[in-house]
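Comments concern the structure below.
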Amino acid sequence: MATLDHRFSRLAALKPARPPAVRSTTLREPCEEDTMARLLGAGVSTNRFGEHLAVRNWFSTPEFVAPHSTCLQLLSQQRDEVISRRARTALENPEKWLFLDTETTGLAGGTGTYAFLIGLAWWDAGGLQVEQLFMRDFAEEHSVLCELAARLAERPVLVTFNGKTFDWPLLENRFRMTRSIAVPGLAAHLDLLHPARALWKFRLGTVRLTDLEREVLNPSQLGWHRQGDVSSKFIPQFYFDYLRGGPPEPLLGVARHNQMDLRGLAALFGKINALLAEQTDPDEEMHGLDLFGLSKFLHRRGDKGRAQIACAQAVDLGLPVEFHSRAQNDLALMAKRKGEHQRAAEIWHEILADSGDTIHACEQLAIHYELRVKNYERALEFAHRACRLLHTQANHANFFAQRGMARREDLSLKRIKRLEGRLSKRTGKRLPLGETRATGTV
Amino acid sequence: MPESLAVRTAAATSSITRVREVLDGFALCDRDGEILTAVRHFPARVAQWAPFPPWVHPDLREAYKAKGIERLYSHQAAAAEAAHQAKNIVIVTPTASGKTLCYNLPVINTILENSDTRAIYLFPTKALAQDQLAEIHDLNQRLDNRFGVFTYDGDTPSDARKAIREKSHIVLTNPDMLHTGILPHHTRWTRLFENLKYIVLDELHTYRGVFGSHLCNVLRRLRRIANFYGCQPQFICCSATIANPGELAGKLLETDVEVLNANGAPAAEKTFVFYNPPVVNRALGIRRSYINEACHVSQEFLKRDLQTMVFANSRLHTELMLTYLQQANPQQPGGTTTIRGYRGGYLPNERRDIERGLRDGQIRGVVSTSALELGIDVGSLDTVVMAGYPGTIAATWQRAGRAGRRSGSSCAVLVASSAPLDQFIVRNPDYFFGNTPEHAFIQPDNLEILINHLKCAAFELPIGPGERFGDVDVQDLCARLAEAGFLHRAGENYHWTQEAYPADTVSLRSVTSDNFVIIDLTGSPTVIGEVDFSSALTTVHEKAIYIHGGQQYHVEHLDFKERKAYVKRVDVDYYTDAIRYTQVRILECAAETRASDSLPEIPALRSFGDVLVRSQVIGFKKIKFFTNENIGAGNLELPENEMHTTSYWITLERPLLESLPFTISERQSGMFGLLHALASVATLLLMCDRRDLGTAIGEKPPYPDDQEMAMDAVQMRNHNSQDAKEFFEPNMYLFDAYPGGIGFSEPLYRAHDILMQRTRQLIVACACSQGCPSCVGPAGDLAPRAKEAALAILDRLCNSTVRPDRWLHSITDSHAWRH
């Protein structure tokens, strides 16, 4: 056996991926299994698939918020999804909602990644009821999943943060792997990551839940704090250590982390609900960039009217330079689409004066003067200006950007040709060649 | 008649006349019969026909009819029938015998009868899958697109993948994608796995050695997942002609497989020629460069407008020959390049372009590595020229099969290099023409390979009690993996407990899965190609001349960490050749005995066991084009490579060395020469690729576990006689060039006597006086009398009374010890 061990010790495939963890001297005894339960304050829950730990905690914050129909409309409106009557009815009933967040053994996905802690939450008695299902070992997975399926049968509207791409596909995998518990059907799935990103990415850059708690929600009124919170990157290893008899304490931190994520998720919904339903506290100070984000979001989800209002408010509140011209541009385009051509032209002139995205403004003004005002001289002047600017800028652009610019330049050149044609027809003679050139190189 | 008055042009004469012209030309220069050592004619063979089996769906029969297939070759009918009877089969036929129909017919027929049916087709390369896709698409269109067929590989755009998973009845993929992309995500492929009826393995013979050992384990995992979803898929395999297709299929699939090896396809007339470059210096055994000669032969064909495919055995030679042939056939103004290169490092679009050019005849010549050996459809060519023996009989026939695939007359020429194996083959044509091609072997239970796949398997599905991988009970291995932190036992099952994704770190084809990207900095930076990790160290080290598409590039910088090589276009008259050095340390000796069973008093030992091999590229030589002069060298500092593997070795003991009447440096040169010859003969005995065996010489260390490395080979070679140690008992190693070993060491240990005798005969039979590349290695690299010394050592190592006439027989007999 000694030589066999020796042989195995040389196999690269058996080299531990990281130096073996210092074994805790307090290895769990088999009868001590429930230290974890005691620490978590959890009970052993039993169903036909076996046992797992389950713990419930009720919190008074965040407080219940009734979902506003405007908000639901906006959140559930997706380009390619037609929302069914069943889904709408379920959505409008907050009792059917289930907030969900999982803690997993990795982020890689695939069939070998497990969700060892499934956090669930629902509105209850004006506050939030949080239930956490924990598998003490892989053997308890079926039992946990069975429980989750039961909750989802009762509350089939799933609310998550990045759950559409991560948590739910992973859980679907887990259900499929059981070959005995069917993947629960969802009435609807609201993923708050995308609206949150649309609303706050301009101001925050990254939109992790903890960033949102700190910058968007009011930290002092949340009722919890992230002090000493576990960093996500350690979570899988804490669990692996626990499985191998390591101490359960680090997992307490994970459970607390999960709890805060669930409460944060519910609180975030309250914030988005208020924002989209125009029920924000009138005293609360709004950030210009948040309004700009709101305008973008509303526009994408089809509420053009409110989008325009929010955008105008954003400009009024004042925006950083680069966003100012983007917002101006949006305003002008929205005005143009509504047929307010004069208003749009005014904004584009303003942009030119502020020296924002002047190329686009020139192009739009060229169109405006050609089609609306029929002032071909001015149109020609702007078309030439657009061409010149494009030319200068192309020198500093990368290959892909240059391709786009080339297309725009072609359009402007066509317009110039057409305008010159019109002008020569109107004056009855062709413009002298030299003059055209001159305008072209000013 | 006006036709007979037509001007006699090259195109108007039949290819057979033009081929004969070329061969007659060679024969004229070859008065002693030393150049054309064999000219064999193979007559045309007529087709054997059979009707479509009665169970074939009428629509499918119509679709084939519309393609011009109204009846089947006899072997196609037999294969379809066997597949229809739910047997696992392997079909063995040469290139261009319509083997794809053998599997398409039964698979598509089943899909037409039950649209739930799913099938996976595995091809060793992406290019082959693309090629098949076109074929099946065509059939599908004639069936009103009744089923879905898609390729699923690294080139599949991610937004198309979901649809493909839903819609494909037939998934065309490769083992690597199955391994990293499909099996670890089997829950996304539920529909496929719940209805998986057929697995088609094309080009089965490519799955041998390391790749085959990996594939066997991937198939174990595939069957495991299919069973999980309640399926027991049936296998249909196709193989080129090898000696043991049934055995290989049986080992890969670990089940009974029926072999169908009758061939009913017609074949055109073919001439096979062995060409040995003329000797220029008999004393030194120097022949004309086989690369130049191969170019010369190819040029004779190209000149007569015969479409020609040239095979080289390395990328470097591909590029060299491409350069020569492009110079000889300058591009017509405004026309396309008529001579192109083709190898793995070219980008996919470039390769598709070349394949098309070959089919429509725009490209008149192509220089390729083994990449075109497999069944990619490039149409039929007139002639094939092989620069150097491809290493195996099977590969030689496979390459020769590229000429004249369907009709007409064709010619294949093997131009021998001065390597011992090549020389043996061309001087003994009966050995090649009279022997069955080689055996293909796999070693799926190599622990390194097995454990890596066990990890992947555990990621895919927890490993239950009593689960087996082939014959291996994996419980003990799982316990060890759990100990190392990869798995955790819960209840009766072992689960994966790592964040990382195990398949990503396991490459099926080489030691590491990293490729180096080659970036041309001449203009704006552009990626011009890729090289795999192991060849990167020798081809794109700093200051190397990297040749791509006939263009030379100087490697400016090798970013080892980022896996990037930055190159600039240059025009120089030399190429570079890397120098590698190797050290071996014995870890554990599995067996050790006196060297010879019949002569127990010989002061030498033979052994086999586990070793640690360290190798490093330490420098390079600059070699001038055409003359092959060495015009300079440089040192390199590249990271060291370490590998555990198995080795066979001979220890020469002090009394043996003392009995040799040579100076120390002659003795050392003799040992290197002997090792050179031993490796060549071992390759022949094992029927393996020369690259599968590594060689090194080292001192026998006082203690097997001594941390000090044995004296390394390069140092020894450079030592002059004064500095060399007075006495050491050297070990001559022949090791498996793959981590963990692929099972060559023990057979070599057992075949020791045969190996010694054959090697002795190889050296004795060679006409050179002081050593040449065909026996102990080129004379210039060795001390004078090295050949003599090598022979003297051999004389002491073996019984010199073996009858030479038994020579050929024993080699074929020696297969016995492999079963």
Problem set entry | Odd one out for A:CYS146, checked against (1) away from chain B (no Cβ under 14 Å); (2) within 20 Å of B:THR190 (Cα to Cα); (3) at pLDDT 95 or above | (2)
For this session: May I ask you to list the residues in the range A:244-259 that are part of a helix (DSSP H, G or I) and crowded, with 18+ Cβ neighbours inside 10 Å?
Result: A:LEU251, A:VAL254, A:ALA255, A:HIS257, A:ASN258, A:GLN259
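Could you please let me know if A:ARG48 is surrounded by 15 or more Cβ atoms within 10 Å (Cβ to Cβ) and on the phi < 0 side of the Ramachandran plot? Outline the logic, then answer.
Working: surrounded by 15 or more Cβ atoms within 10 Å (Cβ to Cβ): no; on the phi < 0 side of the Ramachandran plot: yes.
Answer is no for this residue.
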Exercise. Which of the residues belonging to the range A:265-279 are surrounded by fewer than 22 Cβ atoms within 10 Å (Cβ to Cβ) and in contact with a strand residue (DSSP E or B) (Cβ under 6 Å, 6 or more places away or on another chain)?
Worked result: none
Exercise. Just wondering, is there one or more residues in the range B:111-134 that are under 28 Å from the mean Cα position of the chain (by Cα) and closer than 19 Å to B:GLY264 by Cβ?
Worked result: no
Problem set entry | Out of B:THR206, B:THR180, B:THR173, sole residue that is modelled with pLDDT under 95, within 30 Å of the chain's Cα centre (by Cα) and either more than 14 Å from chain A (Cβ to nearest Cβ) or farther than 30 Å from B:ILE242 by Cβ (or both) | B:THR206
For this session: Could you tell me whether A:HIS194 is touching a Phe, Trp or Tyr at 6+ places or on another chain (Cβ under 8 Å) and either away from chain B (no Cβ under 14 Å) or over 29 Å from A:GLU284 (Cβ atoms) (or both)?
Result: no
Exercise. If the Cβ limit is 6 Å and pairs must be 6+ apart or interchain, which residue in the range A:245-259 that is touching a residue at least 40 places away in the same chain (Cβ under 8 Å) pairs with which residue that is of a type in the set (Val, Ile, Thr) and surrounded by fewer than 16 Cβ atoms within 10 Å (Cβ to Cβ)?
Worked result: A:PRO248/A:THR35
For this session: Take A:LEU27 and decide whether it is assigned to a helix (DSSP H, G or I) and either away from chain B (no Cβ under 14 Å) or modelled with pLDDT of 90 or more (or both).
Result: no
Exercise. Does A:THR206 satisfy being away from chain B (no Cβ under 12 Å), surrounded by fewer than 17 Cβ atoms within 10 Å (Cβ to Cβ), polar (S, T, N, Q) and farther than 18 Å from A:PRO67 by Cα?
Worked result: yes
Problem set entry | Selection count, the range B:286-335, where residues are farther than 18 Å from B:ILE354 by Cβ, among the aromatic types (Phe, Trp, Tyr) and touching a Lys or Arg at 6+ places or on another chain (Cβ under 9 Å) | 1
Exercise. On the given criteria, is A:LEU262 crowded, with 18+ Cβ neighbours inside 10 Å and at pLDDT below 95?
Worked result: no
Seminar exercise, completed: When B:PRO600 is run through (1) without any contact (Cβ under 8 Å) to a residue 24 or more places away in the chain; (2) within 14 Å of chain A (Cβ to nearest Cβ), the failure sits at (2)
For this session: Only residues in the range A:274-293 that are on the phi > 0 side of the Ramachandran plot count as the first member; pair them with residues that are among the basic types (Lys, Arg) and crowded, with 16+ Cβ neighbours inside 10 Å, Cβ under 9 angstrom, at least 6 apart or cross-chain, and list the lot.
Result: A:GLU278/A:ARG306
For this session: Please go through the range A:116-143 and pick out each residue that is within 14 Å of chain B (Cβ to nearest Cβ), surrounded by fewer than 23 Cβ atoms within 10 Å (Cβ to Cβ) and in contact with a helix residue (DSSP H, G or I) (Cβ under 6 Å, 6 or more places away or on another chain).
Result: A:HIS142
For this session: Might you check whether a residue that is of a type in the set (Lys, Arg), within 30 Å of B:SER409 (Cβ to Cβ) and in contact with a Phe, Trp or Tyr (Cβ under 6 Å, 6 or more places away or on another chain) occurs anywhere in the range B:263-277?
Result: yes
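Among A:ALA361, A:ALA379, A:ALA366, which is in a helix (DSSP H, G or I), in contact with an Asp or Glu (Cβ under 6 Å, 6 or more places away or on another chain) and either crowded, with 21+ Cβ neighbours inside 10 Å or modelled with pLDDT of 90 or more (or both)? Can you show your working first?
Numbers: A:ALA361 fails: in contact with an Asp or Glu (Cβ under 6 Å, 6 or more places away or on another chain); A:ALA366 fails: in contact with an Asp or Glu (Cβ under 6 Å, 6 or more places away or on another chain).
One residue alone meets the criteria, A:ALA379.
Results for (1) away from chain A (no Cβ under 11 Å); (2) more than 30 Å from B:GLY777 (Cβ to Cβ); (3) assigned to a helix (DSSP H, G or I), shown as yes or no for each residue.
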residue	(1), (2), (3)
B:SER410	yes, yes, no
B:PHE424	yes, no, yes
B:PHE433	yes, no, yes
B:ASP445	yes, yes, no
B:GLY466	yes, yes, no
B:HIS488	no, yes, no
B:TYR494	no, yes, no
B:ALA500	no, yes, no
B:ASP504	no, yes, yes
Exercise. Taking helices (runs of 4 or more DSSP H) that do not extend beyond the range B:703-770, which have at least 1 residues that are at pLDDT 80 or above?
Worked result: B:745-750, B:752-765
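Suppose we keep only residues that are assigned to a helix (DSSP H, G or I) and loosely packed, with under 15 Cβ neighbours inside 10 Å within the range A:306-324. Which one would you say is farthest from the chain's Cα centre (by Cα)?
Initial filter on the range A:306-324 (assigned to a helix (DSSP H, G or I)): A:306-317, A:321-324.
Filter once more, keeping what is loosely packed, with under 15 Cβ neighbours inside 10 Å: A:316, A:321-322.
Details: A:ASP316: 26, A:VAL321: 25, A:GLU322: 22 Å.
Checked the range A:306-324; the qualifying residue farthest from the chain's Cα centre (by Cα) is A:ASP316.
Can you name the strands (runs of 3 or more DSSP E) wholly within the range B:532-639 that have at least 3 residues being under 25 Å from the mean Cα position of the chain (by Cα)? I'd like the intermediate steps shown before the answer.
Working: elements: B:545-548, B:551-559, B:564-570, B:574-594, B:604-624, B:630-635.
Counting at least 3 such residues, we get B:545-548, B:574-594, B:604-624.
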Problem set entry | Among (1) more than 9 Å from every other protein chain (Cβ to nearest Cβ); (2) among the acidic types (Asp, Glu); (3) not in a strand (DSSP E or B), the one test that A:ASP101 misses | (3)
Exercise. Do the conditions hold for B:ASP476, that is, is it acidic (Asp, Glu) and more than 10 Å from chain A (Cβ to nearest Cβ)?
Worked result: no
Exercise. Can you name every residue in the range A:280-305 that is buried (at least 18 other Cβ atoms within 10 Å of the Cβ) and in a helix (DSSP H, G or I)?
Worked result: A:GLY288, A:LEU289, A:ASP290, A:LEU291, A:PHE292, A:GLY293, A:LEU294, A:SER295, A:LYS296, A:PHE297, A:LEU298, A:HIS299
Exercise. Out of curiosity, is B:ALA416 touching a Lys or Arg at 6+ places or on another chain (Cβ under 6 Å), buried (at least 24 other Cβ atoms within 10 Å of the Cβ) and more than 10 Å from chain A (Cβ to nearest Cβ)?
Worked result: no
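The values are calculated or read from the model by the stated rules, or taken from the named source; none is laboratory data. Please read these numbers as outputs of a predicted model, since none were measured by experiment. All Cβ positions, even for glycine, are placed from backbone atoms using ideal geometry, and neighbour counts span all protein chains on display.
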